[in-house]
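The values are calculated or read from the model by the stated rules, or taken from the named source; none is laboratory data. Owing to the predicted nature of the structure, the values given are computational and were not obtained by experimental measurement. Please note: Cβ atoms are built from the backbone with ideal geometry, for glycine as well, and neighbour counts cover all protein chains shown.
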Amino acid sequence: MAISGFGRGKQGDSTSSGAGYTASSPAPSPAPSGGGGLTAFIDQGSQFEGKLSFKDTVRIDGEFSGEISSENTLIVGETGEITATIRSNIVVVSGSVTGNIYAGRQIVLHKTARVEGDLECPSIVIEEGALFNGQLKMQGAGSASKLKSVDGGQNGASKPAPAVTPQKN
């Protein structure tokens, strides 16, 4: 079986199909998610098609096509190849994603990431070397209130810059 509990067994345990994992190769830590640890793992060499829904953190290093929805974090490993619409709280990409990504909190594109599709999220991190072709839309549920607290209630209106007078000696 290619989906397995991660971190529950002993180091070096493998799945019944022989496509195992070792606990010594931890998943990259995306951002504080407030949820549990990695609960499922689709290993390199595995292929899945359909709808994947989960509540905690899942890492995909194999191939997946279809739809993915999560209440927490999706991690696409360096060997992961995803062709799907992704809806998750946090999405961390080190591999390849073809399809739109909708994140409630954050999208992280590591330097090995290759993304073809539109991104929608309130926060994004793109490392140098990552490839991204698509449109980016950044807004969150409380975007107006966030702007208000940053600019003193101007709701995005820009204040004129203070005049600077050169000084002569």
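Points worth noting:
- Scanning the range 104-118 for residues that are within 17 Å of Gln139 (Cα to Cα) and of a type in the set (Lys, Arg) returns a single hit, Arg105.
- Of everything in the range 104-134 that is of a type in the set (A, V, I, L, M) and not in a strand (DSSP E or B), the residue that is surrounded by the most Cβ atoms within 10 Å (Cβ to Cβ) is Ala113.
- Among the residues of the range 21-33, none qualifies, meaning not one is more than 27 Å from Glu128 (Cβ to Cβ), assigned to a strand (DSSP E or B), in contact with a strand residue (DSSP E or B) (Cβ under 7 Å, 6 or more places away or on another chain) and modelled with pLDDT under 95.
- Filtered residues of the range 40-54 (kept if within 14 Å of Ile68 (Cβ to Cβ) and out of contact with any strand residue (DSSP E or B) (no Cβ under 7 Å at 6 or more places or on another chain)): none
- Complete set of residues in the range 44-65 that are charged (D, E, K, R) and under 19 Å from Thr85 (Cβ atoms): Glu49, Lys51, Lys55, Arg59, Glu63
- Top-ranked residue of the range 63-103 - restricted to ones that are among the small types (Gly, Ala, Ser) and closer than 16 Å to Leu136 by Cβ, ranked as surrounded by the fewest Cβ atoms within 10 Å (Cβ to Cβ): Gly99
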